[in-house]
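Participant: The following block contains the structure, expressed as structure tokens.
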Amino acid sequence: MKDIAIVSFAQSDCRRDAGACNEVELIMPVIEQAMQAVGLNNSQDVDFTCSGSCDYQQGAAFAFVMGVDALGAVPPIKESHVEMDAAWALYESMLKISMGQAESALIYGFGKSSPGELPTVLSQQLDPYYLAPLWVDSVSLAALQARVLLDRGLLSEQDMAAVVARSRANAKANNPHAQLAGDVSVEELLAESPWVAPLRKHDCCPISDGASAMVICTIEKARAWGKPYAVIRGIDHRMESHNIGARDLTRSVSTELAAAQAGVDRGPVEVAELYAPFSHQEIILSQALGLDDSTEINPSGGVLAGNLMMASGLSRIGEVATRIMSGDVRRGVAHATSGPCLQHNLVAVLEAA
Amino acid sequence: MSDLLRQQFVLGYTYTRSTGPVVGRFLTELRQRKIVGTRGDDGRVFVPPMEFDPVTASALDEFVEVSDRGEVVSWCWISEPRDSHPFDEPFAWALVLLDGADVPMVHAVAAPEAEMHTGMRVQARWSEEPRGYITDIACFEPEVTQGEG
Amino acid sequence: MSEETTSSEDDITAIETPVYLTYNFTAGEATTRFLHQVRKGKVMGQRCPGCGNVYAPARGSCAACGLPTSEEVELGNKATVQSFTIVWIPIPNNPIQPPYIVANLVPDGANISFIHLMSECDNDSVHIGQRVEAVWKPEEEWDYAMDNIRYFRPLDEPDVPIEMIGKVPLSGWEGKA
């Protein structure tokens, strides 16, 4: 795939309940911010628009169609949607540009999870014969995975708490949009009672409402616009079996494969933003990506600081891109996930121009 | 906005699902209080049965009956059950590896938290009137062997 | 495999898997404002700062321009039929019996239609451009709901020509805008 430039990114605050906003009211401010950063007005000024969201979150059928009201889509635009995290809307947009059918694209993701009970809603994305009728929720499945790692001594509860403490501290230092931020010690975290043992509540990402948006384009177009940009040097995504029992839950084979294909090891990884909804999964992902102490992991706090379901993956890519565009780093890795226990994973390598 | 309007509602998806031959066979056997899996190309027995081998993608049609007893390979403790969960009292979700199977299945375990441990032996508690659903196995519970209780 | 396996006619080929999910819907800012006015017997629109079109009910944005709509505009009790269909399926819990009319109606002062019912009319003579007015429930029954308006019924006014539908001002239509 040819190199593609990220020219802007915007994200809303992560809020537990953005009740006063409908979908359009959530989306419009971030789209306006992402577009204005490159001097664009609305979706008429890009060649393609693609969004990611899931109607089950707010229980509103075709909510993503309502979202189009935020775009200025008259006369009709070239538009598409994925019922997935918007990181996959970015992937579709990159294909569109690579095929020569567009030079620029607007991508946005949004999630309003507050109207429903998200872990219960997510139980219904599972196997409809064997699992959905049991209503096994997403937190419980992650807890089963964590136990496997703990039992085998592959990590400790201290390791998990350390991930949370770093997330909160990073969010406090770097992320004005975070829902959970602050100084908390490993000892304080371990003193808390288990919630879905072996997970404590802080091992699990919060539930957040909000949206994020991004503008991408060809390298030629980015130069013509004359704005700083980050280059997507490699991207790949892989999916594992829906049968959790048939998977090796101690590692992320799909992330390993996507990382190899995207070329993660072709240079130093200064920063990595990983979509790890549960603390132990950040450790699995770091290992799958071959990261060590030389990489700053989740400087934004990651999704433990706020999880915009269906936008968080795009936001991980945006967080890395922002740091490259500002000149803070020259090369970084972004990751997005979907499904129970890291079933489906996308890895992108971003570099300075 | 202080005067924000909210309205609770229930969204119902009242679907009937075709099972296909493999899932249908599994559910038909469950109704007889029997548990079957399918054998994968590498010899692994998947319970509940998979229709296709996750590695080779070939259709699986060799059915293998397995025990309704097995071992917990992972578990988590639900101290505050959700409305949708099968029990009002605290319980465990577990990965249960049935005797004769090579791949564990997800199901509930009804047992005191103090008794829960990886490697514990469990047995299926069958529902009163099995109907051909995964919930015909009401849950697993600590195994009772002859000579005990 | 067991010999007692049931006969093939008894094999399970389908299962019922009902799923019920509970949500707490929130109306959003624009819809909340709209419903608070409907509760008081007023239909309000919102004007786009770009193209000037007035939407009712508004969702907080102009779908054409992608701009937030914040200016509130009061709309008339009268409207024009932009399109309609005759429905032969009953509405659950609604006293209106089939066949009845569902119409795209543009209220005076607005530019974009909404969907509502028509009644007190001869179904076979309903037509595009026809003038109609809202029939409200008794005030004591008003709630935060669009069905505070029971339906629209025909008015004895000249038709609006097709090119003028969606351009009738709040002051109304007496054969000319």
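The values are calculated or read from the model by the stated rules, or taken from the named source; none is laboratory data. From a predicted model like this one, the values you see are computed outputs, not experimental measurements. Quick reminder, even Gly has a Cβ in these numbers, built from the backbone with ideal geometry, and neighbours come from all protein chains shown.
Participant: With respect to B:Gly119, is the statement that it is facing chain A (nearest Cβ under 10 Å) and on the phi > 0 side of the Ramachandran plot true? Outline the logic, then answer.
Facilitator: Working: facing chain A (nearest Cβ under 10 Å): yes; on the phi > 0 side of the Ramachandran plot: yes.
When the stated conditions are applied, B:Gly119 passes them.
Participant: Are there any pairs, at least 6 apart or on different chains, whose C-beta atoms fall under 7 Å, with the first in the stretch B:69-83 and more than 7 Å from every other protein chain (Cβ to nearest Cβ) and within 23 Å of A:Ser193 (Cα to Cα) and the second surrounded by fewer than 17 Cβ atoms within 10 Å (Cβ to Cβ) and of a type in the set (Phe, Trp, Tyr), and if so, which?
Facilitator: Here the result reads B:Pro81/B:Phe87, each pair linking the stretch B:69-83 to a residue that is surrounded by fewer than 17 Cβ atoms within 10 Å (Cβ to Cβ) and of a type in the set (Phe, Trp, Tyr).
Participant: Could you please find all residues in the stretch B:33-50 being at the interface with another protein chain (Cβ under 7 Å from one of its Cβ atoms) and over 18 Å from A:Pro128 (Cβ atoms)?
Facilitator: B:Lys34
Participant: If you scan the stretch A:264-291, which residues turn out to be aliphatic (A, V, I, L, M), touching a strand residue (DSSP E or B) at 6+ places or on another chain (Cβ under 7 Å) and in a loop (DSSP other than H, G, I, E, B)?
Facilitator: From the stretch A:264-291, those aliphatic (A, V, I, L, M) are A:264, A:269, A:271-272, A:274, A:276, A:283-285, A:288-289, A:291; that's our starting set.
Subsequent filtering for residues that are touching a strand residue (DSSP E or B) at 6+ places or on another chain (Cβ under 7 Å) retains A:264, A:269, A:271-272, A:274, A:285, A:289, A:291.
A:Val269, A:Leu274, A:Leu289, A:Leu291 - these are the residues of the stretch A:264-291 that are aliphatic (A, V, I, L, M), touching a strand residue (DSSP E or B) at 6+ places or on another chain (Cβ under 7 Å) and in a loop (DSSP other than H, G, I, E, B).
Participant: Considering only the stretch C:1-116, give the strands (runs of 3 or more DSSP E) lying wholly within it that have at least 3 residues that are of a type in the set (Phe, Trp, Tyr). If you could, list the steps in order and put the result at the bottom.
Facilitator: Working: elements: C:14-26, C:44-47, C:71-74, C:78-87, C:100-107.
Per the criteria, C:14-26.
Participant: Here's something else I'd like to know. Under 7 Å between Cβ atoms, which residue pairs at least 6 apart in sequence (or on different chains) link something in the stretch A:230-259 that is at pLDDT 95 or above with a partner that is of a type in the set (Ser, Thr, Tyr)?
Facilitator: Note: pairs meeting the criteria are A:Ile235/A:Tyr91; A:His237/A:Tyr91; A:Arg238/A:Ser254; A:Met239/A:Ser254; A:Glu240/A:Ser254; A:Arg247/A:Ser241.
Participant: Residue by residue through the stretch C:39-55, note down the ones that are touching a Phe, Trp or Tyr at 6+ places or on another chain (Cβ under 9 Å) and more than 14 Å from chain A (Cβ to nearest Cβ).
Facilitator: Within the stretch C:39-55, C:Arg39, C:Lys40, C:Gly41, C:Val43, C:Met44, C:Gly45, C:Arg47 meet the criteria.
Participant: Let me ask another. I'd like to verify a number: residues in the stretch A:222-246 that are surrounded by fewer than 20 Cβ atoms within 10 Å (Cβ to Cβ), more than 11 Å from chain B (Cβ to nearest Cβ) and not aliphatic (A, V, I, L, M), how many?
Facilitator: Going through the stretch A:222-246 one residue at a time, the tally reaches 7.
Participant: So is C:Ser70 under 26 Å from A:Ala60 (Cα atoms), in contact (Cβ under 8 Å) with a residue 24 or more places away in the chain, within 14 Å of chain A (Cβ to nearest Cβ) and surrounded by fewer than 21 Cβ atoms within 10 Å (Cβ to Cβ) or not? Can you show your working first?
Facilitator: Working: under 26 Å from A:Ala60 (Cα atoms): yes; in contact (Cβ under 8 Å) with a residue 24 or more places away in the chain: yes; within 14 Å of chain A (Cβ to nearest Cβ): yes; surrounded by fewer than 21 Cβ atoms within 10 Å (Cβ to Cβ): yes.
When the stated conditions are applied, C:Ser70 passes them.
Participant: Please determine whether any residue of the stretch A:292-301 is buried (at least 23 other Cβ atoms within 10 Å of the Cβ) and part of a strand (DSSP E or B).
Facilitator: Among the residues of the stretch A:292-301, at least one is buried (at least 23 other Cβ atoms within 10 Å of the Cβ) and part of a strand (DSSP E or B), which makes the answer yes.
Participant: Just one of B:Ala108, B:Ala124, B:Ala94, B:Ala101 is part of a loop (DSSP other than H, G, I, E, B) and buried (at least 21 other Cβ atoms within 10 Å of the Cβ); which is it?
Facilitator: Step by step, each of B:Ala108, B:Ala124, B:Ala94, B:Ala101 is checked, and only B:Ala101 is part of a loop (DSSP other than H, G, I, E, B) and buried (at least 21 other Cβ atoms within 10 Å of the Cβ).
To keep it simple, each residue is scored yes or no on (1) touching a Lys or Arg at 6+ places or on another chain (Cβ under 8 Å); (2) over 20 Å from A:Ala89 (Cβ atoms).
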{"position": "A:Thr295", "(1), (2)": "no, yes"}
{"position": "A:Gly301", "(1), (2)": "yes, yes"}
{"position": "A:Met309", "(1), (2)": "no, no"}
{"position": "A:Ser312", "(1), (2)": "no, no"}
{"position": "A:Arg323", "(1), (2)": "no, yes"}
{"position": "A:Asp328", "(1), (2)": "no, yes"}
{"position": "A:Ala334", "(1), (2)": "yes, no"}
